Amino acid sequence: MATVRPTDAVTAVARDGDLGGNAASLKATVDALARAGSAVAAVLVEGISDQIALETAATRRGRDLAAERVVIVPIGGAHAIGNVLTGLRPRGTGLRVAGLCDRREEEIFRRALDVLHAGAVRTRADMEQLGFHVCVDDLEQELIRALGAAQVEALFESHGDLRAFHAFQSQPAWRGREPEAQMWRFLRSSSRRNLRYARLLAEAAVDRNALPRPLDALLPAV
C-alpha cells in the first residue's frame, strides 16, 4: 500500500478548494471513509486541518499510517460524529476508533459516545479512556501555545508571511491583543494558510518535542 504523506493531503485540498470549502471537505470525508473500509483503526477529527496536523505528526515520528492501516477521518464538523460512529460500527469489532475535538464541541462528541456505549461516557476522562481527546480551545491554539509566539513568528518569517502578519496586527480590531490570539486569527483568516500551517506547526512541535498533549496522547492509541 502506498504511503499517504501529509503534503499529498495539502496538495489535494488546495486543488479541490477551487470547488469551494464545503466540496473540498466533503471529498476529504468520503475519501477517508472509503479507506476506513480496510483499516484497523480510524481517528475521527472535525476538519481537514486536524487531519493534516495528525498525519504530519505521525510521519514526523517515523510512522507510516497507510502501511499500518490507520486512517484519519475528517468528519466535516462535530455534529456529524453520531452518524459517522454509527456508520463505522457495522465494520466489525476489530476496528479501533479514536478521535479529537475542540473544547466547544466536547459535549457533542461525549453525547455521541455515550449513546454508542450505553450511558458509560459521562466525563472527559471517560472519553480519553476510549481514545477521544479534547483540544483547548482548538488544535491551532494548542500548537501555537506549545511552540510559543517567538517560534511561530520565526515560522512566519521563514515562509514569507511575516509582513502579512505584521499588517494584520495593525488592524484596529486586533491591535494590542495577545500575540498568540493574533496568530490564531491570522491563520484562520485564510483557509489555505490555515491548512499550510497545520503541517508546519505540527512539524515544528514534533521536532522540538513540544507536541500538545491531545495529539501526544492520541497517536500512541492507534
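The values are calculated or read from the model by the stated rules, or taken from the named source; none is laboratory data. For clarity, every value in this text was computed on a predicted model and none was experimentally measured. Positions of Cβ are generated from backbone atoms using ideal geometry, with glycine treated the same way; all protein chains shown enter the neighbour counts.
The set of residues from the range 159-191 being assigned to a helix (DSSP H, G or I) and either at positive phi or of a type in the set (Phe, Trp, Tyr) (or both) comprises Phe165, Phe168, Trp184, Phe186.
Among the listed residues Arg124, Arg199, Arg213, Arg193, identify the single one that is surrounded by 14 or more Cβ atoms within 10 Å (Cβ to Cβ), within 21 Å of Ala58 (Cβ to Cβ) and basic (Lys, Arg). Spell out how you get there, then give the answer.
On the way: Arg124 fails: within 21 Å of Ala58 (Cβ to Cβ); Arg213 fails: surrounded by 14 or more Cβ atoms within 10 Å (Cβ to Cβ); Arg193 fails: within 21 Å of Ala58 (Cβ to Cβ).
Selected residue: Arg199, the only one of Arg124, Arg199, Arg213, Arg193 that is surrounded by 14 or more Cβ atoms within 10 Å (Cβ to Cβ), within 21 Å of Ala58 (Cβ to Cβ) and basic (Lys, Arg).
Going through (1) within 17 Å of the chain's Cα centre (by Cα); (2) surrounded by fewer than 21 Cβ atoms within 10 Å (Cβ to Cβ); (3) touching a residue at least 40 places away in the same chain (Cβ under 8 Å) one by one, Asp137 falls short only on (3). Among the residues of the range 88-137, the one identified as assigned to a strand (DSSP E or B) and basic (Lys, Arg) is Arg96.
Kindly provide the set of residues from the range 51-77 that are of a type in the set (A, V, I, L, M, F, W, C), farther than 18 Å from Glu142 by Cα and assigned to a helix (DSSP H, G or I), ordered by number. Let's see the steps before the verdict.
Within the range 51-77, the first condition is being of a type in the set (A, V, I, L, M, F, W, C), and the residues that meet it are 52-54, 57-58, 65-67, 70-73, 75.
Restricting the remaining residues to those that are farther than 18 Å from Glu142 by Cα gives 65-67, 70-73, 75.
Within the range 51-77, Leu65, Ala66, Ala67 qualify.
For the range 51-89, the candidate set comprises residues that are under 20 Å from Asp114 (Cβ atoms) and not aliphatic (A, V, I, L, M); within that set, the residue that is nearest to the chain's Cα centre (by Cα) is Gly77. Number of residues in the range 81-112 that are touching a residue at least 12 places away in the same chain (Cβ under 8 Å) and either of a type in the set (S, T, N, Q) or closer than 21 Å to Ala53 by Cα (or both) equals 15.
Any residue in the range 43-50 that is surrounded by 15 or more Cβ atoms within 10 Å (Cβ to Cβ), within 18 Å of the chain's Cα centre (by Cα), in a loop (DSSP other than H, G, I, E, B) and at pLDDT 90 or above? Yes, the conditions are met somewhere in the range 43-50.
Every condition in (1) farther than 21 Å from Ala198 by Cα; (2) more than 22 Å from the chain's Cα centre (by Cα) holds for Ala164 except the one numbered (1).
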